[in-house]
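The values are calculated or read from the model by the stated rules, or taken from the named source; none is laboratory data. In this text, all values refer to a predicted model and were calculated from it rather than measured experimentally. Cβ placement follows ideal geometry from the backbone for every residue including glycine, while neighbour counts extend to all protein chains displayed.
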Amino acid sequence: MRLIQILPLVALTALVVPVHAQDRGPQVAEERPVPEAGPEGILGLLPANAVSEHVLQTEEGPLPYTATAGTLELRGQDGKVTAKIFYTAYRAKDRAADRPITFAFNGGPGAASAYLHLGLVGPKILPFEGANSDGSHPVLKDNPQSWLAFTDLVLIDPVGTGWSRGINEEAAGRFYGVQQDAESMAKTIALYVQENGLIAAPKYLLGESYGGFRAAKVAVALKNSQNMIASGIIMVSPLLEGRFIFGADDDPLSAALQLPSLAAAYMERQGRFEPQAMADIERYAISGYLPKLALPPAPGSEADAFFGRIAELTGLSSERVARTRGFVGGVYAKEAGGPGNILSPYDAGHALPDAYPEAAYGQNDDPVLEGFTRAYGSAFASYARSELGFRTQMTYSLLNEDVNRRWEWNGGRGAGTRAIASVSNDLRDLLSVIPSFRLMVAHGYSDILTPYGMSRYVLDHLPPTLSKDRTTLKVYRGGHMFYTRDAERAAMYGDAKVFYQSSPSD
């Protein structure tokens with residue numbers, strides 16, 4: 001699920017397990033020896049699919065479901081296996097023919113799906129509270145807001161993440177790029193749909209961070225390469241326009257679109273956040289802040305008043321704001337938290353001690369990305385083994401930074417290629433040629449890495465004939481992973497449920 005900052009055709013044999021009584025708890029696939037690496041190399045460590053039966057307690061009552069933890073094979077033009085894609089599927093028993101199915105993935109590039117899986121949509125969640133507030137005592141619990149209540153789920157790990165691997169390093173590298181990745185994910189989805197007889201089911205995509213960007217590209221690839229039409233996309237904290245995130249530090253528009261998130265994070269740190277206050281800040285960002293940045297520097301007292309206003313909104317000193325001429329995004333995480341503290345771009349609403357307070361720029365591991373969220377990886381590996389019956393000695397790769405370093409954005413790997421990455425046209429085309437297609441975008445107020453203002457700008461600049469009643473932006477308290485807050489996860493569950501149950505004409 002990550003935008004890392006610099007910043008499944010042959011399904012394996014399934015083991016079917018009979019349903020046990022509800023009070024017996026989940027039935028797990030029986031223990032079996034872990035396979036030795038064979039002719040397939042690293043892929044030989046992946047076991048057969050594990051199938052188990054469970055019951056989810058929902059607001060409407062008990063929901064029996066089948067869980068499958070397994071892999072799908074991707075093959076090259078010569079018919080040989082090039083990669084195996086790990087996925088976890090949750091399918092309601094006695095499902096209606098029109099029940100939606102949602103394919104979910106995280107971002108990075110290089111992140112596995114455990115973030116969304118154990119953080120937002122799956123039948124189990126990993127709370128970060130009490131003894132586990134820092135991730136050191138991970139204990140899963142039932143998720144009362146699992147999206148399984150209104151959609152089947154298939155969570156997918158792209159090659160190089162989770163337990164998805166290429167046949168070798170050279171083969172894996174061929175998947176590390178925007179278009180290659182989109183085509184492989186579209187193929188994986190098509191294989192699962194065909195293998196499970198789900199062609200008539202409404203198909204949705206859910207992606208977080210780069211995964212939101214990926215979802216738009218995959219929807220286009222599904223349509224053009226697999227002849228399969230997506231009904232909609234849900235994006236969590238997405239990257240939509242690379243120019244806003246990877247572009248020049250002194251771009252006035254990017255700075256203005258980020259300012260509301262900087263202000264929201266400051267209010268969170270002070271314990272005085274009010275959603276109602278954001279409307280005035282959003283207006284000021286565009287009508288007051290943006291023109292000041294775009295025009296030549298103002299003289300004397302006018303400049304002092306401008307810098308003072310930005311200081312009031314962000315918690316930075318007026319002097320520091322003046323030295324940046326108001327472009328404060330680059331210094332905010334290092335300096336806005338107060339002396340000796342550091343902020344995470346993923347959630348700037350909380351300050352933590354800076355490991356390098358003497359450094360002039362940020363050197364600290366990210367408190368969120370390299371902190372408590374790492375527990376998602378070990379927690380998922382344990383859950384897959386003990387409750388889903390998927391037993392392997394392969395390491396579960398939650399966040400593969402080598403994938404990120406090797407990623408091809410637009411035929412290259414430099415900052416310039418990231419800066420021109422965009423899905424605006426993809427969204428326009430999908431909305432245009434699929435009349436029933438809908439889009440929901442969700443953000444946290446205190447996420448200063450992919451600020452909600454940037455997504456609002458993209459949605460606001462879609463032609464009204466395409467966007468009216470078909471696109472929506474939801475903003476919640478918290479950061480990039482606002483769903484780690486119970487109240488915000490529950491709020492998004494309610495909004496997502498309405499999204500799935502509505503139609504463009506409602």
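A compact table of results
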quantity: Unmet requirement for Ala89, which otherwise passes all of (1) farther than 28 Å from Thr373 by Cα; (2) touching a Phe, Trp or Tyr at 6+ places or on another chain (Cβ under 9 Å); calculated: (1)
quantity: Yes/no for Asp157 being under 14 Å from the mean Cα position of the chain (by Cα) and either farther than 22 Å from Ala215 by Cβ or assigned by TED's automatic domain parsing to the domain that holds Thr188 (or both); calculated: yes
quantity: Filter pass, Ile281 being modelled with pLDDT of 95 or more and assigned by TED's automatic domain parsing to the domain that holds Val441; calculated: no
quantity: Residue, surrounded by the fewest Cβ atoms within 10 Å (Cβ to Cβ), within the range 40-77, restricted to residues that are at negative phi and in a helix (DSSP H, G or I); calculated: Gly44
quantity: Options Ala491, Ala496: the member that is farther than 28 Å from Phe246 by Cα, of a type in the set (A, V, I, L, M, F, W, C) and crowded, with 19+ Cβ neighbours inside 10 Å; calculated: Ala496
quantity: Qualifying residue in the range 247-263 (condition: charged (D, E, K, R), surrounded by fewer than 24 Cβ atoms within 10 Å (Cβ to Cβ), assigned to a helix (DSSP H, G or I) and out of contact with any Lys or Arg (no Cβ under 9 Å at 6 or more places or on another chain)); calculated: no
quantity: Near pairs, Cβ below 6 angstrom, 6+ apart or cross-chain, from the range 297-313 (at pLDDT below 95) to any residue that is surrounded by fewer than 15 Cβ atoms within 10 Å (Cβ to Cβ) and among the polar types (S, T, N, Q); calculated: none
quantity: Among (1) of a type in the set (A, V, I, L, M); (2) surrounded by fewer than 19 Cβ atoms within 10 Å (Cβ to Cβ); (3) assigned to a helix (DSSP H, G or I), the one test that Leu120 misses; calculated: (2)
quantity: Residues within the range 175-205 that are in a loop (DSSP other than H, G, I, E, B) and touching a Gly at 6+ places or on another chain (Cβ under 9 Å), tallied; calculated: 3
quantity: Filter result for Ile286 (surrounded by 12 or more Cβ atoms within 10 Å (Cβ to Cβ), within 27 Å of the chain's Cα centre (by Cα) and aliphatic (A, V, I, L, M)); calculated: no
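Every residue, every condition in (1) in the same structural domain as Arg283 (by TED's automatic domain parsing); (2) under 24 Å from Thr373 (Cβ atoms); (3) assigned to a helix (DSSP H, G or I), yes or no:
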position	(1), (2), (3)
Val441	no, yes, no
Asp447	no, yes, no
Leu462	no, no, no
Lys474	no, yes, no
Gly478	no, yes, no
Glu488	no, yes, yes
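Yes or no, residue by residue, for (1) at pLDDT 95 or above; (2) hydroxyl-bearing (Ser, Thr, Tyr); (3) buried (at least 17 other Cβ atoms within 10 Å of the Cβ):
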residue	(1), (2), (3)
Ala171	no, no, yes
Tyr176	yes, yes, yes
Glu183	yes, no, yes
Thr188	yes, yes, yes
Leu191	yes, no, yes
Glu195	yes, no, no
Ile199	yes, no, no
Lys203	yes, no, yes
Gly207	yes, no, yes
